[in-house]
Amino acid sequence: MEIDPFIFRLSIFILSIFVGYYVVWSVTPSLHTPLMSVTNAISSVIIVGAIIAALANIEGNIFSKSSVFGYFAITLAAINIFGGFLVTQRMLAMYKKKKRDKK
Amino acid sequence: MISANLSAIFYLISGVLFILALRGLSSPETSRQGNFFGIIGMIIAITVTFLAVGNFSTGLIYVFIFLLVGGGIGAFIAYKIPMTAMPELVAGFHSLVGLAAVFVAISAFINPSAFNLGSPGNIKLASLIEMSIGAAVGAITFSGSVIAFLKLQGIMSGAPITFKGQHILNALILISIIVLTYFLCATQSSNLFWILIGISFLIGFLLIIPIGGADMPVVISMLNSYSGWAAAGIGFTLENSALIITGALVGSSGAILSYIMCKGMNRSFFNVILGGFGATEQSKSNQGKEQKPVKSGNADDAAFLMKNASSVIIVPGYGMAVAQAQHALREMVDALKKLDVKVSYAIHPVAGRMPGHMNVLLAEANVPYDEVFELEEINNDFANADVAYVIGANDVTNPVAKTDPQSPIYGMPVLDVEKCKSVLFVKRSLSAGYAGIDNDLFYRDNTLMLFADAKKMTEEIIKSL
């Protein structure tokens, strides 16, 4: 009997939870705020779903209902992606500067 | 344009890059590189999606327009936001992830063929379940984060909002979500789908209103976790490994942070979620309050004490963030260092309004991160230090957590500030902290209260040094 592909996705999911568990425990507490902002940014990879939705136009109608929801989702996710990565960058740059100034 | 298999491999690569992004945060040196990996991962995921869809009609122009509009707004916020407003920003961002998940789920529901999920009214059962989970968790994340944002921003009072039968109502709503999902799968009715989303918005709102302002570190971490699970739910629907991996990473990350925060307050997760903390004890402490003698001093006394000390430990708290005192604090420390005083910073896990909040503020004020220590690292040093300078912290220094089993904060790990030779406590008044209890420390012989705004007092001390 063939294994349902769902099982493979479930395997990825479960294993990733474990990877996440160990990786996050190794994050130094002083970087917990950047951790939150960067997880925020990467969870916005949901934008791939939004792009598929936006470009799946039915019979050439680029403003079908599902596309419009896709456009909205793209905007929201893009705010998060740019905002999340940039603000993380900004914070991490501050941690870096200190070390150098001190020396 | 490119085959489904090839794009799946690219999604896997971006998933791995996201793991490396989090891995980089294990130390400040590697963290920037980690963030860079994250950005690359995101670029790969987005590019592959465009190629996989392979639709280069005029719709693509709109996609780019919305991408740029969102990106511009995001970049603008990222550069403008003051570091003290980080908790609000993160809460706001969570709400956007949640809402985006809801929108994607809606699109998939109205146009399932675009995602290879069947046709409207005849969506594959597994996909429908995954979609419902993604939409429901996304909606909860959205409305919950909006409330958290309003509370942090001070637009909404931080006081817990409780009413009779609250928990029963919430339980009923949660059960109804499960029942609705069942009927939705059985009937494929779009009305049920909309009701499901509506109810999920409602429960997100109801779940967060009873939680008080100082429990926000837990709430934000929890919503962080939810946003991950929502993304994972959508990832299953879209059969996209990048989304599944990321969702799992973010979900477990948020869960771990919530756990760390709960442990920092010695409270169970359920105790925080059920809410109402701080409301009941408040009245109790006011009744039993007796006037005890307090020693208070001014900036000159404080400057004198610190000047003659050989080591000083600074204990910052949320009050420092409110007063924006971190820069003044750093100047004071610089002045002390010139006088050969050894200075370090002690950070309690729940100081501030989100995990790591104090560390970011100190980093912003150019405090080297190797002078900043966590509770376990520094707690033994208080006994050997001459002066503890408590600025904007309160409950996290309260010795009753160690001595009085009756106290609501009993068992909470606290900084052993009272073991210092002398304690300088900057505070505006003798009022109780968030937990609503009196701080024993105020009345100790070795405590000198400095009644003033944190920033003003610190500036005055600099002048007297």
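Observations on the model:
- For the range B:23-166, the spread of Cα positions along the three principal axes, ordered from largest to smallest, is 50, 47, 31 Å.
- Difference of contour (0.36 nm per residue) and Cα-Cα distance, B:Lys342 to B:Ile173: 55.3 nm
- Cα-centred dipole magnitude for the protein assembly as shown, charges only on beta-carbon of K, R (+1) and D, E (-1), debye, nearest 20: 640
- Between the range B:319-353 and the range B:133-198, the alpha-carbon center distance in angstrom: 41
- Rg to Rh, two decimals, where the protein assembly as shown supplies the alpha carbon set and Rh follows Kirkwood: 1.02
- Those chymotrypsin sites (Phe, Trp or Tyr not before Pro) in the range B:337-440 that DSSP places in a loop and that have at most 16 other beta carbons within 10 Å: B:Tyr410
- Positive-end residue, the protein assembly as shown charge dipole about Cα centroid, Cβ charges, pick of B:Ala78, B:Ser145, B:Leu180: B:Ala78
- Charge-dipole axis of the range B:359-465 as Lys and Arg at +1 and Asp and Glu at -1 on Cβ define it, positive-most pick from B:Val414, B:Ala432, B:Leu361: B:Ala432
- Once C-alpha pairs closer than 8 Å and six or more residues apart are averaged by separation and normalised to the residue number of chain B, the relative contact order reads 14 percent.
- Label sites at B:Lys456 and B:Asn122, each approximated as a point 7 angstrom past Cα along Cα to Cβ, lie 7.4 nm apart.
- Cβ crowding within 10 Å ranks B:Val218, B:Val272 as B:Val272, B:Val218, fewest other Cβ atoms first.
- Per-residue HN-Hα couplings for the range B:215-228 [Karplus 6.51, -1.76, 1.60; θ = phi - 60°; Hz; x = Gly/Pro]: 8, 4, x, 5, 4, 4, 4, 5, 5, 4, 4, 4, 4, x
- Rg and Dmax of the range B:106-220, both derived from C-alpha coordinates alone, stand at 16.4, 48 Å.
- In this structure, the amide hydrogen of B:Lys342, modeled 1.01 Å from its nitrogen in the peptide plane, lies closer than 5 angstrom to those of B:Ser311, B:Val312, counting only residues at least 5 positions away or on a different chain.
- Spin-label model, B:Asp381 to B:Asn271: label points 7 Å out along the Cα-to-beta-carbon direction sit 2.9 nm apart.
- Full-extension gain in nm, B:Lys164 to B:Ala186, via 0.36 nm per residue minus C-alpha separation: 4.4 nm
- Amide H contacts under 5 Å for B:Ser296: B:Met449, restricted to partners 5 or more places along the chain or on a different chain, H placed in the peptide plane at 1.01 Å from N.
- 10 Å Cβ neighbours from other chains, averaged over peptide B:222-229: 3
- Helix-only CD estimate at 222 nm, as mean residue ellipticity for the protein assembly as shown, using -39500 (n - 2.57) per DSSP H run (n ≥ 4): -21000 deg cm²/dmol
- Gaussian network model of chain A, springs between alpha carbon atoms under 10 Å - residue of A:Asn80, A:Asn40, A:Asn61 with greatest fluctuation: A:Asn61
- Dipole check for chain B: with +1 at the C-beta of Lys and Arg, -1 at the C-beta of Asp and Glu, and the Cα centre as origin, the magnitude is about 620 Debye.
- Tilt relative to chain B, helix B:190-208 - C-alpha long axis, 0 to 90 degrees, to 10: 0
- Here the range B:350-457 is treated with +1 on each Lys and Arg Cβ and -1 on each Asp and Glu Cβ, and its dipole about the Cα centre works out to around 460 debye.
- Fewest-first ordering of B:Cys185, B:Cys420, B:Cys262 by other beta carbons within 10 Å of each residue's beta carbon gives B:Cys185, B:Cys262, B:Cys420.
- Remark: the B:Leu68-B:Lys292 segment gains 74.5 nm on full extension, using 0.36 nm per residue and subtracting the alpha carbon distance.
Rule-based calculations on the coordinates, nothing more; no lab input. Note that the coordinates shown come from a computational prediction; the quantities given were computed from them, not determined experimentally. Glycine gets a Cβ as well: all are built from the backbone with ideal geometry, and neighbour counts include every protein chain shown.
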